[in-house]
Amino acid sequence: MANETGIGAAVKRKEDARFITGTGRYTDDIGAHGQTYAVFARSPHARAKLNGLDASAALATEGVVAVFTGADLQADGIGDLPCGWTVHSKDGEPMVVPAHPPIAVDKVNYVGEPYAVVIGESLEAAKNGAEALEADFEELPAVVDLASAASADQIHENVPNNQTYDWELGDKAATDAAFAQAHHVSSLEIVNNRLIPNAIEPRAALGEYDAASGLYTLHTTSQNPHLERLVLAAFVQIAPEARLRVISPDVGGGFGSKIFVYAEETAVIWAAGKLRRPVKWRAERSESFLADAHGRDHVTKAELALAEDGTFLGLRVKTLANMGAYLSTFASSVPTYLYGTLMAGQYKTPAIYVEVQSLFTNTAPVDAYRGAGRPEATYVVERIVETAAREMGIDAAELRRRNFIAPSDFPYETPVALTYDTGDYEASLAKALEHADYAGFGARKAASEAAGKKRGIGFSCYIEACGLAPSQVAISLGAGVGLFEVGEVRVDVTGSVTVVTGSHSHGQSHETTFAQIISEKLGVPFENVTVLHGDTGRSDYALGTYGSRSLAVGGSALIKAIDKIIAKGKKIAAHMLEAQEEQVDFADGTFTVADSNQSLTFPEVAFAAYVPANYPLEELEPGLSEKAFYDPPNFTYPAGAHICEVEIDPATGVVDITSFVAVDDFGHIVNPMIVEGQVHGGLAQGIGQALLEHGVYDETGQLVSGSYMDYTMPRADDLPSFTVDTTVTPCTHNPLGVKGCGEAGAIGSTAAVMNAVTNALGVASVPMPATPETVWRAAQA
Amino acid sequence: MEQSGEYTVSASRERVWEALNDPEVLERCVEGCRSMTVTGEGEFEAVVAAKVGPVKATFTAAIELQDVVAPESYRLQVGVKGGAAGFAKGSAAVQLAECSRDETRLTYHIEGSIGGKLAQIGSRLVQAAARKMAASFFERFAVDIGRSQGV
């Protein structure tokens with residue numbers, strides 16, 4: 001039975017019609033009567049005392065409505081921006097959290113930190129007002145270098161050594177013992193370069209306050225409107241949740257950077273209430289560079305102990321993670337529970353010990369960015385495994401095979417707190433090797449050499465933990481929120497369906513894939529399904545989208561709601577057909593009585609539910625609308641094999657990716673076209689990190705890669721035509737058997753590229769990004 | 001940021017020294033200068049409209065003369081505020097050498113740093129912008145000093 005719009009079909013995206021015709025409705029497209037405009041005054045200094053602020057000229061500027069400072073917000077009882085995950089140090093103490101006022105009060109700690117907001121009748125008036133502010137800064141020496149941050153000036157009064165926590169995971173003694181018996185130890189020092197997210201749509205907010213009802217409405221570019229509302233209500237103290245509605249309309253990309261609760265929307269919604277006028281803000285690209293949470297930024301030493309036959313005995317990892325100047329919403333969890341827990345990779349390494357020290361510097365806050373911790377972990381594991389293969393003279397694919405967790409080993413409990421439910425790593429590697437024509441690599445390398453070029457091949461057999469997350473596991477590890485999801489199926493009188501989900505699409509295509517699920521399960525025509533999301537006024541409390549969770553968690557909630565619809569539909573049909581409920585089957589949109597020719601269509605049952613003439617009202621409520629919450633019992637574990645082949649011109653240092661193969665196991669797939677698109681986007685970002693992108697602060701803490709002149713985004717001509725394929729081991733614990741595909745490309749690809757570059761050059765390591773200059777210098781060595 | 005330069009001016013060292021200490025001359029010669037006022041002994045404030053790449057703003061510079069050895073050398077300590085455009089600060093060491101009675105060689109060495117939007121999007125443009133401003137200054141200065149000498 002093939003449902004052309006059901007699960008597994010490459011249905012074209014419903015969303016695209018509006019996106020490619022310019023009729024999408026983004027936050028900045030939404031206006032309100034009497035709207036004012038906010039412009040944030042941002043610190044030009046990386047670290048300074050703010051000794052005073054003279055706003056008189058700003059207030060006298062034509063069209064300026066108000067100037068608000070951090071002190072104004074504090075005086076009104078507005079609280080700090082919280083970090084939602086408490087990580088504990090080795091000694092059991094909770095992480096040390098510095099104060100984080102939305103708008104700086106008496107000191108600034110990174111370039112771009114807002115120290116005032118100017119509200120104007122027009123954007124120009126607000127800009128002129130901001131220009132007229134006179135801030136009295138007293139500059140202090142900035143802490144910029146991560147490696148020396150622990151011994152540098154103390155940034156926050158309550159944070160000695162600039163350290164928020166010193167965390168560990170795994171068995172230190174067992175790991176040390178493994179190293180003591182090692183035949184060979186490989187070690188590697190790795191810098192995971194800082195990235196700036198650069199979603200195509202800059203962050204924006206429109207705050208409104210209705211004096212009649214006391215209701216606040218915030219339109220903003222959030223991946224997670226309920227979390228935004230929770231934080232603004234419970235921590236920032238804008239208003240109780242019931243008087244605060246957060247709407248994320250169309251959102252143009254997030255990559256993690258729009259999960260967090262930022263200063264700007266906080267100030268905007270507060271100011272709207274204060275002024276009793278709508279307030280609009282949209283970031284300029286320069287502001288996005290400065291004030292969106294950045295990603296990655298680790299310095300790591302990794303060591304792998306091996307037996308003579310290449311069996312992994314132990315892995316030891318010590319990482320310094322840069323938090324930037326303050327703890328962003330989920331910053332603490334990224335280099336710990338989303339990083340250290342992934343150090344087993346696809347391998348049966350019996351002993352693992354990870355230490356992570358997270359430090360403050362006078363730079364923009366760092367938080368989750370596509371993959372969030374897992375790309376960093378994969379980079380460590382796959383670079384050290386490749387290094388060991390080269391040092392021991394074992395084929396890199398073969399060394400991995402010797403250490404893979406076998407299909408018969410599942411469920412497999414790693415030494416770093418996770419239990420993998422299923423996988424077949426050998427299968428994805430074998431398929432990738434075939435696509436990459438690994439057997440022919442020698443001949444291609446010889447041909448390149450004959451032409452004066454250097455050719456290299458690199459592998460990355462990654463794993464990730466997705467489908468965030470089992471609430472009780474996450475909460476026991478420090479999460480301040482549950483991580484379930486909600487799904488609602490509202491069947492209309494005529495049998496069309498409205499789905500409401502608490503997950504959020506900012507590129508993921510919920511309107512298409514969730515409609516496919518309804519089409520498949522209820523037999524409702526695809527075009528008769530509407531999917532609503534991104535509105536706390538429409539959906540119950542849920543947790544939004546990140547960590548490749550929409551389908552694995554949100555889709556599972558939807559399935560539970562669908563099951564309730566079908567169960568109720570069967571009761572209604574049984575009554576109408578005068579049969580026993582157990583005799584009624586439902587398939588392809590039709591309720592049938594077993595061993596009879598009696599049947600009812602789904603719309604007939606829906607109609608009966610709302611026009612209950614022939615209906616068991618004494619036993620059953622009218623209506624056909626069901627909702628379900630789903631809390632996953634485990635993470636999902638997408639995994640795969642990426643193989644990158646490069647050719648380098650030693651004269652110029654230019655790296656040409658001649659082929660890139662990604663074979664991923666995402667479990668079952670609802671829409672293969674969308675999955676392929678997600679993989680392509682992820683690969684572009686992972687390759688971007690390896691070759692192009694770098695967030696750079698100079699020694700005084702100035703962001704010198706703060707525009708597209710200096711921060712290189714990957715473009716089509718930087719990338720090859722990808723070979724993307726899949727293998728399938730269905731997730732064992734969710735009803736769709738899905739694992740999630742949103743981050744895999746960015747998680748697996750970076751290590752594959754750098755393994756290929758180092759292989760081509762015959763060197764142990766090359767720093768990222770491997771720009772032509774960096775590669776040329778390495779080639780000269 | 002560091003930058004050095006050298007210019008030869010057709011005037012005596014005393015004349016060049018005098019001109020370099022005359023706010024009216026400086027106001028005429030600094031491109032985009034809106035005002036140059038004496039704020040104290042050896043202290044000036046300049047308001048200058050300038051452009052570094054895409055960053056265009058009116059900058060207020062507080063200038064202080066230090067280590068003055070008339071008519072040979074001094075050091076300018078400069079702090080520049082550009083509001084939303086950011087800031088610059090640094091010093092310029094200026095030396096005058098007599099080439100002949102009517103010819104003076106001026107050398108300068110600037111050390112400084114920039115911040116805010118100037119650094120964010122102007123970092124790699126600021127060297128060129130500084131060089132251009134210096135060239136423009138000395139071009140005007142040469143003409144100005146020539147005119148005042150009746151050349």
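The values are calculated or read from the model by the stated rules, or taken from the named source; none is laboratory data. The structure presented is a predicted model; accordingly, all values stated were derived computationally and were not measured. No Cβ is skipped: glycine too gets one built from the backbone with ideal geometry, and neighbour counts run over all protein chains shown. Protein only, heavy atoms only, side chains kept; ligands, DNA and RNA dropped before computing areas. Shrake-Rupley method; radii C 1.70, N 1.55, O 1.52, S 1.80 Å.
Side notes on the structure shown:
- Within straight-line reach of A:Lys564, meaning a Cα separation under 19 Å, sit the following lysines at least 8 residues removed in sequence or on another chain: A:Lys521, A:Lys627.
- Solvent-accessible surface, computed for protein heavy atoms with a probe of 1.4 Å, shrinks by 40 Å² or more for the following residues of region A:43-63 when the other protein chains are added to the isolated chain: A:Pro44.
- Cβ-defined net charge surrounding A:Pro98, 11 Å radius [Lys, Arg +1; Asp, Glu -1]: -1
- Spacing of the two label points (7 Å from each Cα toward its C-beta) at A:Asn51 and B:Glu14, in nm: 4.2
- Rounded to the nearest whole Hz, the Karplus-based 3J(HN,Hα) values (6.51 cos²θ - 1.76 cosθ + 1.60, θ = phi - 60°) of region A:497-504 follow the sequence 10, 10, 9, 10, 10, x, 7, 9, with x at glycine and proline.
- Among B:Ser4, B:Val94, B:Ala19 the positive-end extreme of the charge dipole of region B:1-117 (Cβ point charges): B:Ser4
- Summed buried accessible area for A+B [probe radius 1.4 Å, Å², rounded to 100]: 1300
- The fraction of accessible area contributed by carbon and sulfur in the protein assembly as shown is 50 percent, rounded to a whole number (1.4 Å probe; ligands and nucleic acids excluded).
- Per residue of peptide A:126-132, the mean number of Cβ atoms on other chains within 10 Å of the residue Cβ is 2.
- Summed over the residues of region B:2-148 and divided among them, the accessible surface reaches 50 Å² per residue at a probe radius of 1.4 Å.
- Pairwise centroid distance, computed over Cα atoms, of region A:285-300 with region B:99-151, Å: 36
- Taking all pairs of distinct alpha-carbon atoms in region B:2-148, Kirkwood radius in angstrom: 15.6
- Peptide-level mean, for A:104-113, of C-beta atoms on other protein chains within 10 Å: 1
- Qualifying lysines (Cα of each under 16 Å from Cα of A:Lys301; at least 8 residues distant if same chain): A:Lys172, A:Lys318
- Cα-based Lys proximity count in region B:2-148, under 14 Å, for pairs eight or more positions apart or on separate chains: 7
- Distance between the pseudo-spin-label points of A:Thr652 and B:Ser100 (7 Å out from Cα toward the beta carbon): 5.2 nm.
- Under 30 Å from the Cα of A:Lys453 - lysines, other chains or at least 8 residues apart: A:Lys431, A:Lys445
- Residues of region A:694-710 buried by at least 30 Å² on assembly (accessible area, 1.4 Å probe, chain alone as reference): A:Gln702, A:Val704, A:Met709, A:Asp710
- Shielding by other protein chains, A:287-294, mean Cβ within 10 Å: 1
- Each Lys and Arg adds +1 at its Cβ and each Asp and Glu adds -1 at its Cβ; summed about the Cα centre, chain A shows a dipole of about 300 debye.
- Positive minus negative residues near B:Glu43 (Lys, Arg vs Asp, Glu; Cβ under 14 Å): -2
- Cα centroids of region A:155-213 and region A:629-667: 22 Å apart.
- For A:Ala613 and A:Asp563, a Förster radius of 25 Å and the Cβ-Cβ distance give a FRET efficiency of 0.40, rounded to the nearest 0.05.
- Radius 13 Å from Cβ of A:Ile518, net charge of other residues (Lys, Arg +1; Asp, Glu -1): -4
- In a DSSP loop and with at most 15 other Cβ atoms within 10 Å, the GluC sites (Glu not before Pro) in region A:1-101 are A:Glu4, A:Glu62.
- The Cα center of region A:63-128 and the Cα center of region A:381-442 differ in position by 46 Å.
- Among B:Ser73, B:Ser123, B:Ser100: highest mean-square fluctuation, GNM of chain B, C-alpha pairs under 10 Å: B:Ser100
- The B:Lys56 and A:Asp145 beta-carbon pair, evaluated with R₀ = 45 Å, returns a calculated FRET efficiency of approximately 0.85.
- Each label was represented as a point 7 Å from its Cα along the Cα-to-Cβ direction; for A:Ala439 and A:His88 these points are 5.5 nm apart.
- Rounded accessible area of A:Glu488 (nearest 10 Å², 1.4 Å probe): 20
- Think of a 1.4 Å ball rolled over the protein heavy atoms: chain A then has 35 Å² of accessible area per residue.
- Amide N proximity, region A:325-353 versus A:Asp176 label position 7 Å along Cα-to-Cβ, cut-off under 19 Å: A:350-353
- Cα gyration tensor category, rounded, prolate or oblate, for chain A with a/c compared to 1.5: oblate
- Estimated FRET transfer efficiency (A:Asp309, A:Thr419; beta-carbon r; R0 35 Å; 0.05): 0.80
- Taking amide H atoms as placed 1.01 Å from N in the peptide plane, the amide H of A:Tyr165 lies under 5 Å from those of A:Val96, A:Ser358, each 5 or more residues away in sequence or on another chain.
- Highest-first packing order for the peptide set A:357-363, A:759-765 is A:357-363, A:759-765, based on the mean count of other beta carbon atoms within 10 Å.
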